[in-house]
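Visitor: Structure incoming, see below.
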Amino acid sequence: MQKIILTVLLFASFGAMAQTTTMSFGKEQTQFVKDLSYFMSLNKNEQTIATIKGFEKMVKDGKIPAAWFEQMSKTCNTMAERNMAALAHYNPYIEAVMIAAKNGVSDAQFAAWSAFVNDITDAQKKGDNGPFLKVMDFSKSFFADNALNATLSKSWNTDTKDCKFNSDGLRPFVSFGVTNIIGKIKDDSIRINQTSGNYYPLETKWEGKEGKVDWGRAGLDANKVYCTLKSYTINCSSSSYTVDTVSFYYSQYFKTPLIGKLTDKLVSGADSAGITYPRFESYEMGITVKDIAPNVSYVGGFSLHGAKVLGYGNEEVEPMLNFYAKGGTKKVMTVRSQAISIKNGEELGATKAAVTIYFGADSIFHPQLDVIYKADKRFVRLLRGETGLGKAKFTDSYHNQDFQTDAIYWHLDSSILNLKVLSGVGQKPDVFESVNYFDKDLIRKTQGYTNYQPLSILKKLVEQQGGSRDLNVLDIAHAIDPNLKEGEVKSLLYELVENGFILYNEDIGVVTVKDKTINYVLANAKRIDYDIIHINSYPKKGDDFIDINNNNIDLKGVFEVPISDTAYVYFRPKDKAISLQKDRNMEFDGLIYAGRTDLTGKKYKFNYKPFTVDLAQVDTMVLYIPDSANTIDKNGNPVLVPMKSRIENIKGLLEVDL
């Protein structure tokens, strides 16, 4: 039994030696084929046997050029000296040779490639044949499809086999003259045209010089929208690349090129309508495009993602759209946002945009709206958000009020801004509130069940900063409790935003304290006068509106307007219609409750600064007196009844005490 085992071990050892023993491959065609066939069949591996049979058939059919055999002999002998294996190394080499022959590689190019392979093989560290295998992977793909690097899902190709193999130095490479570089996946491709460069197969890296990338893939005119490259690098194992400095041309918008960054990427399922590549981003942030759409200018950084123009900025520069009335001289609106989109000049959009609408020296402002503008109709939609800063009120300097509505719809060539309730029409109001409005319950609500008053803390921090209204959020948190972090006060800050006390820039952690905060603290301490003008409007059709011709706000769903709770003065507009005018002045028809007097009439005008009502036409005045029994109600006040006689057709002035 021991002899049998020894015989088996010796046989196995002999087989292993035969596989690794240094072979010698003849230069003459017949001898080379014989030697190679013997070596490839020695281990009886199905794959190597299939490969050598395919090679033998090509030789027999005269498809392997005779001039190649001496080169192959040299390469195979170099491999043999390194004890390289039939399956792992010779097999991919023979496959590369057959592919080269099938695709018409010239004798000169084959000789250059063979020298390239030999140099790389010789330069390998002992026991490390990785560089050889990388070159074989490259060679098979390149000879077959002009591919620099190819996998089952992706490839990077040139459109020529005209190249030079260079193995000098530490980084062997293949150099190409003028060619096109094409990245491919199943349903997308990207190109760099009119380029040249070197491919480094051991690094799967292309280093290019010059070149042109156009936006034809995104559906734009390739002759008008493109960028030129000077030097760049592509990792051909990746599906994308970035070039730090390119010159960008877009004749529709710019007479001279922009300098910026290019990124391109292969995208599965890409189509020209939805593709967002190539992408260009300018380095200059103060670019002005006068007619990004008719009577609309843009200032900021410029980027193009596919066919979509995007404005962008940084911490110091916020992109801006300026909208003008017909004629292009009178500015009517400004939109500032870090995310501005421009679709072929047909539609403009912005998210989280600070919006200012101008009329005269005054304006309406909101810190965070979504904006959609249709250029052909000159129609804009301004939409409030439902969270965070989007819930803030509009600030109206002309009427000296803050107001709340879901959206503003506006045809810019019209004087009418429609204030829209988008959900709960007739149930959810537009709200209009004087800048001097004070509500004791609201100040209690901001404090909740805590032992601190946040409005007082904000006012104190402003004073400590010498009057600066911009506060660091962390300073606010520590003023409340030294152990609090920014994230722990966010819910409080957004509640203060919604109630109109502050603005909050979460990105940079800064709170801007509004006048309302200071006024509330002072009013609560009875150090300043305040009013109770807080108007709810429930328009049946969902529309109140602002007419910028006369700057009036016309409300269509107002049941009652509180003027003074101490003097018990309230307005009850006829047909729920009232016009809000400059600095909280108002005009309306209807009924005024004024203490013990009811006044029904027309053309009433409330003047805020003297706090009076011009009673231009009082149809009837009814006075209320205690009843004959001098009845007292549950609050200790006399029960009032109307006098039987009425006073009619008078006019006058009603003075109201705050």
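The values are calculated or read from the model by the stated rules, or taken from the named source; none is laboratory data. These numbers come from a predicted model, not from an experiment. Quick reminder, even Gly has a Cβ in these numbers, built from the backbone with ideal geometry, and neighbours come from all protein chains shown. The protein model used for the area step is the full one, side chains on, heavy atoms only, and it has no ligands, DNA or RNA in it. Shrake-Rupley method; radii C 1.70, N 1.55, O 1.52, S 1.80 Å.
Visitor: For L148, only one of the following conditions fails: (1) of a type outside the set (G, A, S); (2) in a helix (DSSP H, G or I); (3) in contact (Cβ under 8 Å) with a residue 60 or more places away in the chain. What is its number?
Guide: (2)
Visitor: Looking at the range 389-411, which of its residues are among the aliphatic types (A, V, I, L, M) and open to solvent by less than 10 Å² (accessible area, probe 1.4 Å)?
Guide: Passing the criteria: A392, A407, I408.
Visitor: In the range 199-220, how many are over 30 Å from W113 (Cα atoms), charged (D, E, K, R) and modelled with pLDDT of 95 or more?
Guide: In the first step, residues of the range 199-220 are kept if they are over 30 Å from W113 (Cα atoms); the result is 213-220.
Still in the running and charged (D, E, K, R): 214, 217.
Filter again for modelled with pLDDT of 95 or more, leaving 214.
Residues meeting the conditions: 1.
Visitor: Can you tell me how many residues in the range 280-302 are surrounded by fewer than 21 Cβ atoms within 10 Å (Cβ to Cβ) and under 18 Å from the mean Cα position of the chain (by Cα)?
Guide: Residues that pass the stated criteria total 4.
Visitor: Hey, another quick one. Can you confirm whether I372 is open to solvent by 30 Å² or more (accessible area, probe 1.4 Å) and at negative phi?
Guide: Against the criterion (open to solvent by 30 Å² or more (accessible area, probe 1.4 Å) and at negative phi), I372 qualifies.
Visitor: State which residue pairs qualify: first residue of a type in the set (G, A, S) and inside the range 613-631, second residue surrounded by fewer than 16 Cβ atoms within 10 Å (Cβ to Cβ) in any location, beta carbons under 8 Å apart, and separation of 6 or more residues or different chains.
Guide: Cβ pairs passing all conditions: A616/K602; A616/K603; A616/K605; A616/K651.
Visitor: So, of the residues in the range 553-570 that are surrounded by 24 or more Cβ atoms within 10 Å (Cβ to Cβ) and without any contact (Cβ under 8 Å) to a residue 40 or more places away in the chain, which turns out to be nearest to D657 (Cα to Cα)?
Guide: Filtering the range 553-570 for residues that are surrounded by 24 or more Cβ atoms within 10 Å (Cβ to Cβ) and without any contact (Cβ under 8 Å) to a residue 40 or more places away in the chain, the one nearest to D657 (Cα to Cα) comes out as V561.
Visitor: Which of the numbered conditions does A115 fail, given that it passes all the others? Conditions: (1) within 30 Å of S239 (Cβ to Cβ); (2) touching a strand residue (DSSP E or B) at 6+ places or on another chain (Cβ under 9 Å).
Guide: (1)
Visitor: Here's a follow-up. Name the one entry in S247, S268 that is touching a residue at least 40 places away in the same chain (Cβ under 8 Å), surrounded by fewer than 22 Cβ atoms within 10 Å (Cβ to Cβ), out of contact with any helix residue (DSSP H, G or I) (no Cβ under 8 Å at 6 or more places or on another chain) and more than 15 Å from A307 (Cβ to Cβ).
Guide: The conditions single out S268.
Visitor: Take the residues of the range 573-600 that are free of Cβ contacts under 8 Å to residues at least 60 places away in the same chain and farther than 20 Å from N552 by Cβ: which is most open to solvent (accessible area, probe 1.4 Å)? Before the answer, list the steps.
Guide: The first filter runs over the range 573-600 and keeps only residues free of Cβ contacts under 8 Å to residues at least 60 places away in the same chain, leaving 573-579, 585-591, 593, 595-600.
Subsequent filtering for residues that are farther than 20 Å from N552 by Cβ retains 591, 593, 595-600.
Working: L591: 36, Y593: 54, G595: 37, R596: 116, T597: 27, D598: 23, L599: 7, T600: 58 Å².
Per the stated criteria, the residue is R596.
Visitor: In the range 529-550, is there at least one residue being open to solvent by 10 Å² or more (accessible area, probe 1.4 Å), on the phi > 0 side of the Ramachandran plot, at pLDDT below 95 and not aromatic (F, W, Y)?
Guide: Within the range 529-550, not a single residue is open to solvent by 10 Å² or more (accessible area, probe 1.4 Å), on the phi > 0 side of the Ramachandran plot, at pLDDT below 95 and not aromatic (F, W, Y).
Visitor: Do we have any residue at all in the range 251-260 that's in a loop (DSSP other than H, G, I, E, B), touching a strand residue (DSSP E or B) at 6+ places or on another chain (Cβ under 6 Å), open to solvent by 40 Å² or more (accessible area, probe 1.4 Å) and at pLDDT below 95?
Guide: Taking the range 251-260 as the starting set, the residues that turn out to be in a loop (DSSP other than H, G, I, E, B) are 251-257.
Filter once more, so that each one left must be touching a strand residue (DSSP E or B) at 6+ places or on another chain (Cβ under 6 Å): 253, 257.
Remaining after also requiring open to solvent by 40 Å² or more (accessible area, probe 1.4 Å): 257.
Next, from what is left, pick out any that are at pLDDT below 95: none.
Scanning the range 251-260, I find no residue that is in a loop (DSSP other than H, G, I, E, B), touching a strand residue (DSSP E or B) at 6+ places or on another chain (Cβ under 6 Å), open to solvent by 40 Å² or more (accessible area, probe 1.4 Å) and at pLDDT below 95, so the answer is no.
Visitor: Search the range 425-463 for residues being more than 38 Å from the chain's Cα centre (by Cα) and open to solvent by 50 Å² or more (accessible area, probe 1.4 Å), and hand back the single one that is modelled with the lowest pLDDT.
Guide: Looking at the filtered set, the residue picked out is Y449.
Visitor: Based on what the data block shows, is G328 touching a residue at least 24 places away in the same chain (Cβ under 8 Å), over 24 Å from Q581 (Cα atoms) and either among the hydroxyl-bearing types (S, T, Y) or open to solvent by 20 Å² or more (accessible area, probe 1.4 Å) (or both)?
Guide: Yes, satisfied.
Visitor: Separate question: Given the residues T151, T160, T121, which is the only one that is among the hydroxyl-bearing types (S, T, Y) and crowded, with 19+ Cβ neighbours inside 10 Å?
Guide: Working: T151 fails: crowded, with 19+ Cβ neighbours inside 10 Å; T160 fails: crowded, with 19+ Cβ neighbours inside 10 Å.
Answer to the check: T121.
Visitor: Now, a different point. Starting from the range 633-657, keep only residues that are touching a residue at least 24 places away in the same chain (Cβ under 8 Å), then list their pairs with residues that are exposed (fewer than 11 other Cβ atoms within 10 Å of the Cβ) and of a type in the set (S, T, Y) whose Cβ atoms are within a distance under 9 Å, requiring at least 6 positions of separation or different chains.
Guide: Sorted first by the residue in the range 633-657, then by its partner, the pairs are D657/T566.
Visitor: If I ask for residues that are in a loop (DSSP other than H, G, I, E, B), closer than 16 Å to G306 by Cα and in contact (Cβ under 8 Å) with a residue 12 or more places away in the chain, which ones from the range 188-227 would you list?
Guide: W215, G219, L220, K224
Visitor: Which of the numbered conditions does S231 fail, given that it passes all the others? Conditions: (1) of a type in the set (G, A, S); (2) more than 19 Å from T179 (Cα to Cα); (3) surrounded by fewer than 16 Cβ atoms within 10 Å (Cβ to Cβ).
Guide: So S231 meets the others, but not (2).
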